[in-house]
1. Under 27 Å between alpha carbons, and skipping anything fewer than 8 positions from K166 in its own chain: which lysines qualify?
2. Relative to the longest principal axis of the C-alpha atoms of the chain, give the angle of the C-alpha long axis of helix 180-190, reported between 0 and 90° and rounded to the nearest 10°.
3. Suppose every K and R has +1 on its Cβ and every D and E has -1 on its Cβ; what is the size of the dipole of the stretch 66-193 about the Cα centre, in Debye to the nearest 20?
4. So if we plug the beta-carbon distance of D250 and K44 into 1/(1 + (r/R0)^6) with R0 = 30 Å, what FRET efficiency do we get, rounded to 0.05?
5. Order of D74, D167, D63 from fewest to most other C-beta atoms within 10 Å?
6. I'd like to know which of G246, A187, G47 lies farthest towards the positive end of the charge dipole of the chain, counting +1 on Cβ of Lys and Arg and -1 on Cβ of Asp and Glu.
7. When the dipole is taken about the Cα centre of the stretch 130-284, and only Lys, Arg (+1) and Asp, Glu (-1) are charged at their Cβ, what size is it in debye, to the nearest 20?
8. With just the Cα atoms defining each centre, how far is the stretch 216-234 from the stretch 157-196? Give it in Å.
Amino acid sequence: MPSNKLQIEDIIDRALAEDLSKGDVTTEALISTDWRGTGFIVAKKEGILAGINVAKQVFHRVDPELKVEVLLEDGAGVKPGSKVANVSGSIASILQAERVALNFLQRLSGIASETNRYVEAVKGVPVRIMDTRKTTPGLRSVEKHAVKAGGGENHRMSLGDGILIKDNHLAALRSRGLNIKQIVARARQDSPQRLPVEVEVETVSEALEAAEAGADVVMLDNMNLEEMRKAVKSIHGRALIEASGGITLDNVRAVAETGVDFISVGALTHSARALDISLELEVP
């Protein structure tokens, strides 16, 4: 669960406001407030669970008197029919919280499941699967938590977490006559603290230049496998190496076997399919 409690509460409150700002006219018209029952949250597909505590908080934000029993924690594998949690109390409250809770649970479990597929695809190779900042606006903290639940690792959470000199930075600075060595030196001199410096490169010669300039990490952007192998060989341990761009489940193992240290995959968060999870209501 992400550590910033107030941030998570804000995310949940905004999601609930989307659904309940005008009330729940269906439930209010049909369901008595004193009716009690239990909702069973059940996985419909195989995957990795993430977001269960976010879902739990949704139910409690709608009705603090609801009792939520978590049966499986984030990172657990689920199969069709796996019971994830039970929610007991006011049926009206359960129905009002249901969609928002499931939206978080399905979305985050989808990210965890997709991440785990990549992690399993490179199993046995000493490489780390990482996310990017290609996240749903406003949901970065919970989506990156889901990546970790799936066995991946987090790249920068925000632009303040590390210096990443990308192609457009290079283009702007080269237009002022600076080369990569000078750009890296400027980044180290002008950064507010000793942050790691990463440089995105598109050719083997640029990769070598960045390593010789003292970059901590060299990002190989959209290189083919042969170019990656040459870059790894030329850098020869002087910097950590990240592969990025065009990474899919079909090619991720081949990329890992080039010898890179990290593989960043935007698809973990921007293209993950939601995991099918539902709530089944049981009334005494």
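What follows is calculated from the coordinates using simple rules that are stated; it is not laboratory data. Quantities reported herein were computed from a predicted structural model and do not represent experimental measurements. Every residue, glycine among them, receives a Cβ derived from its backbone with ideal geometry; neighbour counts consider all protein chains shown.
1. Here the lysines satisfying the reach criterion relative to K166 are K134, K144, K148, K181, K230, K233.
2. Its long axis makes an angle of about 60 degrees.
3. 560
4. E(calc), rounded to 0.05, equals 0.70.
5. Working: D74 21, D167 12, D63 16.
If I rank by nearby Cβ atoms, fewest first, I get D167, D63, D74.
6. Going by the Cα projections, it comes out as A187.
7. 600
8. Between the Cα centre of the stretch 216-234 and that of the stretch 157-196, the gap is 19 Å.
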